[in-house]
Amino acid sequence: MKLYDLTLKKEVARECAWGVMGTITRIENKKGESPILTLIEKEFWEEVRKIPRMTFEEVEALNVKINFIMKVLSKLEEI
């Protein structure tokens, strides 16, 4: 059951990370490209690539990062 739980956590993290990428793209389409958004996008792409090899704790840490970045990006999108 642990392997199933880890796989499920990884899939959820991957989907959330893609949500971050989509939000960045929406913001860039509305406001134009930004060096900070490009940097966030690049770093998240690197994190997404690491998901298959992540442990349960690493996936949990990634979820915390994703939640924080999504909150920031949501506020930025509203501006």
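The figures follow:
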item: For region 14-79, size of Cβ-based charge dipole, Lys and Arg +1, Asp and Glu -1, in debye; result: 120 debye
item: The chain - accessible surface per residue (Å², probe 1.4 Å); result: 71 Å²
item: Amide proton proximity set for MET54, modelled H, under 5 Å, gap of 5+; result: none
item: Residue-averaged 222 nm ellipticity for the chain, from DSSP H runs of 4+ at -39500 (n - 2.57), nearest 500; result: -30500 deg cm²/dmol
item: Relative contact order computed over the chain (Cα-Cα under 8 Å; 6+ residues apart), in percent; result: 48 percent
item: Count of Lys pairs (Cα-Cα under 23 Å; at least 8 positions apart or interchain) in the chain; result: 24
item: Mean projection area, nm², convex hull over Cα of the chain; result: 4.9 nm²
item: Protection-proxy order for peptides 13-25, 48-60, each taking the mean of Cβ atoms within 10 Å per residue, highest first; result: 13-25, 48-60
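The values are calculated or read from the model by the stated rules, or taken from the named source; none is laboratory data. Note that the structure is predicted; figures quoted are calculated from it, not measured. With ideal geometry, Cβ positions are generated from the backbone for all residues, glycine too; neighbour counts draw on all protein chains shown. The protein model used for the area step is the full one, side chains on, heavy atoms only, and it has no ligands, DNA or RNA in it. Shrake-Rupley method; radii C 1.70, N 1.55, O 1.52, S 1.80 Å.
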